[in-house]
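**Q** The structure's right below; bear with me while I get my questions together.
The values are calculated or read from the model by the stated rules, or taken from the named source; none is laboratory data. Just so we're clear, the structure is a prediction, and the values are computed from it rather than from any experiment. With ideal geometry, Cβ positions are generated from the backbone for all residues, glycine too; neighbour counts draw on all protein chains shown.
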Amino acid sequence: MLKTKLLAISLTLLVTACASTAPSSTTEALSSIIVTNDKFDNSTTIETPLYLSRKGFTDTFPVSLKLKAYYQGNKRQFIQLYVSMLRTDWGFYERANGEDGRNLELVKITKDVDYKSSIKMVTVQEDVGLMLSLEYLQKMGNKNFSIKLYGKKDSGDFIVPSSLTKAFIQKLNCFEDSTCT
């Protein structure tokens, strides 16, 4: 029992060390969004930093997340919610639903295993992308929006803060309108 608690605490510390806490205001979130232009392939990426999404100290499904949009020329190709989970066992995530019941397209990005020799613990990281339309992102921006991931061995829900979603939409709008400063 003590070993399990120590593993849970260690894992929580690992997750929180990789990402900062989600911004509490739209202004704070907006100032952290990065726009990267690649002149060689005429593309632009707009993305937030990786943030930790938690529902309180006793959250059993903490995730790190970020929003990302990719443009080829001036045409938006996709908007994606990138979700990263660090656990002690695989979840084999294969689908996701928004709190409104809508099925969200899930793209598997990476799976990685790491052995922490100092604490004799194996961690697994699974990263997925959830494809979002601008209209659905706008709906998500109305409030802190819950999403649930389903896997073969694990499932859990997390919150996408409205401050992050609203700021990201503002940045997309100013980019598409060529009014970003």
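**Q** Can you confirm whether LYS66 is at negative phi, out of contact with any helix residue (DSSP H, G or I) (no Cβ under 8 Å at 6 or more places or on another chain), modelled with pLDDT under 95 and of a type in the set (Lys, Arg)? Working first, answer last.
**A** Details: at negative phi: yes; out of contact with any helix residue (DSSP H, G or I) (no Cβ under 8 Å at 6 or more places or on another chain): yes; modelled with pLDDT under 95: no; of a type in the set (Lys, Arg): yes.
So LYS66 fails the test.
**Q** For the range 78-88, indicate whether the set of residues that are in a loop (DSSP other than H, G, I, E, B), under 17 Å from ILE147 (Cβ atoms), aromatic (Phe, Trp, Tyr) and within 14 Å of the chain's Cα centre (by Cα) is non-empty. Working first, answer last.
**A** Initial filter on the range 78-88 (in a loop (DSSP other than H, G, I, E, B)): 88.
Then keep just the ones that are under 17 Å from ILE147 (Cβ atoms); that gives none.
No, the range 78-88 contains no residue that is in a loop (DSSP other than H, G, I, E, B), under 17 Å from ILE147 (Cβ atoms), aromatic (Phe, Trp, Tyr) and within 14 Å of the chain's Cα centre (by Cα).
**Q** Based on what the data block shows, is LEU130 surrounded by 18 or more Cβ atoms within 10 Å (Cβ to Cβ), outside any helix (DSSP H, G or I) and either in contact with a strand residue (DSSP E or B) (Cβ under 8 Å, 6 or more places away or on another chain) or on the phi > 0 side of the Ramachandran plot (or both)?
**A** Values: surrounded by 18 or more Cβ atoms within 10 Å (Cβ to Cβ): yes; outside any helix (DSSP H, G or I): yes; either in contact with a strand residue (DSSP E or B) (Cβ under 8 Å, 6 or more places away or on another chain) or on the phi > 0 side of the Ramachandran plot (or both): yes.
Answer is yes for this residue.
**Q** Right, next: Pick from the range 133-179 the residues that are exposed (fewer than 14 other Cβ atoms within 10 Å of the Cβ) and in a loop (DSSP other than H, G, I, E, B): which of them is modelled with the highest pLDDT?
**A** Among those residues, the one meeting the criterion is SER133.
**Q** Continuing with the same structure: Under the condition of being out of contact with any strand residue (DSSP E or B) (no Cβ under 6 Å at 6 or more places or on another chain) and aliphatic (A, V, I, L, M), which residue from the range 79-127 is surrounded by the fewest Cβ atoms within 10 Å (Cβ to Cβ)?
**A** ILE119
**Q** Anything in the range 3-37 that is among the small types (Gly, Ala, Ser), closer than 20 Å to MET85 by Cβ and at pLDDT 50 or above? List them, or say none. Steps first, please.
**A** Within the range 3-37, the subset among the small types (Gly, Ala, Ser) is 8, 10, 17, 19-20, 22, 24-25, 29, 31-32.
Keeping just the survivors that are closer than 20 Å to MET85 by Cβ gives 8, 10, 17, 19-20, 22.
Across the range 3-37, the qualifying residues are ALA19, SER20, ALA22.
**Q** Also, quick follow-up: What are the pairs, 6+ residues apart or on separate chains, where a residue within the range 99-123 that is under 15 Å from ASP89 (Cα atoms) has its Cβ under 6 Å from a residue that is among the aromatic types (Phe, Trp, Tyr) and assigned to a strand (DSSP E or B)?
**A** Sorted first by the residue in the range 99-123, then by its partner, the pairs are VAL122/TYR115.
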